[in-house]
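Below is one structure; the comments refer to it alone.
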Amino acid sequence: MVIRFVVGLPLLVLVTVLGIVAEIPAWTAVDGALAQIVHDARNPFLTGVALLLNLLFGTEAGVVISLAMGVFALVVRTPEAVRALLVVLAGWGLGALLKILFDRPRPPVGFSMLGDMGDTSFPSGHVCLTAAVAVAAWVLVGRRWVVAVGMVLVAGQMLARVYLGVHYPTDVLAAVVAVAASSVIVLNGGPGHPRASRRAAREVIPSLGKMR
């Protein structure tokens, strides 16, 4: 367990540094300028995609996803199912904790396409959840195409949060770093490693079939 934290420590330090510098006015000015470039690309199609991603990975969706994965882990009872659940809870949870630690205001409400979203802009909870779900899918499936789809989905969500005017670029970058840190801590080495988990799954699932 100590080794896992040591491996994930540099990423935790990085996201902490991002949180500190994100509160510097000069940094926010640069963030705002970069966000404006994304805002200038707004059109009906991209708006529809961004709103869909907002719906699929919002707070309510996160609760449903977490509960569904919890039930799945209880039914299947494989190490990889448990690890996938922990990845989502840890990634999403770390994002919520960082929001408390770094009370960074959101972009001006005039830029928001979702109205007043309140404060706590750092990091993006939507990106945290999306990235955590992507990693969890890899843990469960273990295929390269899952990694590719996950990367596209996370990149799309990162752009969508800035596009909708509810986060700065640093917020979405920090979310990815946060999930990377929590995922490394949960998954690094030992019997919880995805490869070991998949071997266990191949042994346990046939046994469950015989018990029906």
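The values are calculated or read from the model by the stated rules, or taken from the named source; none is laboratory data. These numbers come from a predicted model, not from an experiment. Cβ sites come from the backbone with ideal geometry, for glycine too, and all protein chains shown count toward neighbours.
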For this session: Test each condition in (1) at pLDDT below 95; (2) over 24 Å from TRP138 (Cα atoms); (3) in a helix (DSSP H, G or I) for ALA96 and report the one that comes out false.
Result: (2)
Exercise. Which one of LEU14, LEU46 is modelled with pLDDT under 95, farther than 19 Å from VAL133 by Cα and outside any loop (DSSP other than H, G, I, E, B)?
Worked result: LEU14
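Could you list all residues from the range 135-157 that are surrounded by fewer than 24 Cβ atoms within 10 Å (Cβ to Cβ) and under 15 Å from LEU53 (Cβ atoms)? Let's see the steps before the verdict.
Residues of the range 135-157 surrounded by fewer than 24 Cβ atoms within 10 Å (Cβ to Cβ): 137-138, 140-156.
If the condition is that a residue be surrounded by fewer than 24 Cβ atoms within 10 Å (Cβ to Cβ) and under 15 Å from LEU53 (Cβ atoms), then VAL149, GLY150, MET151, VAL152, LEU153, VAL154, ALA155, GLY156 are the ones that fit.
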For this session: Only residues in the range 88-101 that are in contact (Cβ under 8 Å) with a residue 60 or more places away in the chain and under 17 Å from LEU173 (Cβ atoms) count as the first member; pair them with residues that are part of a helix (DSSP H, G or I) and β-branched (Val, Ile, Thr), Cβ under 6 angstrom, at least 6 apart or cross-chain, and list the lot.
Result: GLY91/VAL179
Exercise. Only one of (1) polar (S, T, N, Q); (2) under 23 Å from LEU140 (Cα atoms); (3) buried (at least 18 other Cβ atoms within 10 Å of the Cβ) fails for THR28. Which number is that?
Worked result: (2)
Seminar exercise, completed: (1) within 23 Å of GLY156 (Cα to Cα); (2) within 15 Å of the chain's Cα centre (by Cα) all hold for ASP119 apart from (2)
Exercise. Within the bounds of the range 184-200, is there any residue that is modelled with pLDDT of 95 or more, among the polar types (S, T, N, Q) and either assigned to a helix (DSSP H, G or I) or closer than 18 Å to VAL15 by Cα (or both)?
Worked result: no
